Amino acid sequence: MSDDDFQDMRDLKPSYTFIGTSASDELLAVARIHRREAKQMRDNADTAAAEGREQEAKLLRDIAKDREEKAEEFERAARGETKDPVVSEILDDQENVSKSYVPHQSEYVPKLTAAEKEALANLAELTEPPPPSPLSRAFSWFSGKKR
């Protein structure tokens with residue numbers, strides 16, 4: 001896909017809505033969920049800080065800040081200022097993957113240990129059929145004579 005194709009997809013309006021709701025209502029609902037999660041994270045961070053778990057409190061505050069930013073992004077999308085953040089994130093990830101994709105290389109050669117190299121060298125010798133036993137030679141001699 002070219003960059004123009006990605007830009008065209010970003011300009012699309014969300015086509016997923018529930019019956020009786022608009023896309024902006026759905027985006028606002030998601031924003032409310034993010035805000036509620038952020039509030040819970042901040043409350044848990046305050047509790048953790050009061051109990052002396054500073055690292056946990058810092059982590060929870062960072063997550064709460066990220067949730068607030070996501071909520072603001074969804075609210076901007078609901079107002080029509082930006083495109084749908086979920087679609088934009090998916091398209092950005094897809095664009096990054098297509099730019100950094102490395103195809104499978106068939107020139108891969110496994111690294112063998114010395115014992116494995118020796119076993120590989122003796123493989124032909126190990127796969128040869130064993131020499132016939134004296135009994136089987138005698139049997140073939142007798143069966144050949146009778147013909």
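Tabulated values for the structure
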quantity: Selected residue (criterion: nearest to the chain's Cα centre (by Cα)) from residues of the stretch 115-140 that are modelled with pLDDT of 85 or more and among the hydrophobic types (A, V, I, L, M, F, W, C); calculated: Ala115
quantity: Any hit, the stretch 55-73, residues being surrounded by 13 or more Cβ atoms within 10 Å (Cβ to Cβ), in contact with a Pro (Cβ under 9 Å, 6 or more places away or on another chain) and not aromatic (Phe, Trp, Tyr); calculated: yes
quantity: In the stretch 66-102, the residues that are without any contact (Cβ under 8 Å) to a residue 40 or more places away in the chain, part of a helix (DSSP H, G or I) and over 25 Å from the mean Cα position of the chain (by Cα); calculated: Glu68, Arg76
quantity: Options Ser140, Ser98, Ser88: the member that is surrounded by 10 or more Cβ atoms within 10 Å (Cβ to Cβ) and touching a helix residue (DSSP H, G or I) at 6+ places or on another chain (Cβ under 8 Å); calculated: Ser88
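The values are calculated or read from the model by the stated rules, or taken from the named source; none is laboratory data. Everything quoted here is computed from the prediction, not taken from an experiment. Heads up, the Cβs are rebuilt from the backbone with ideal geometry, glycines too, and the neighbour counts pull from every protein chain shown.
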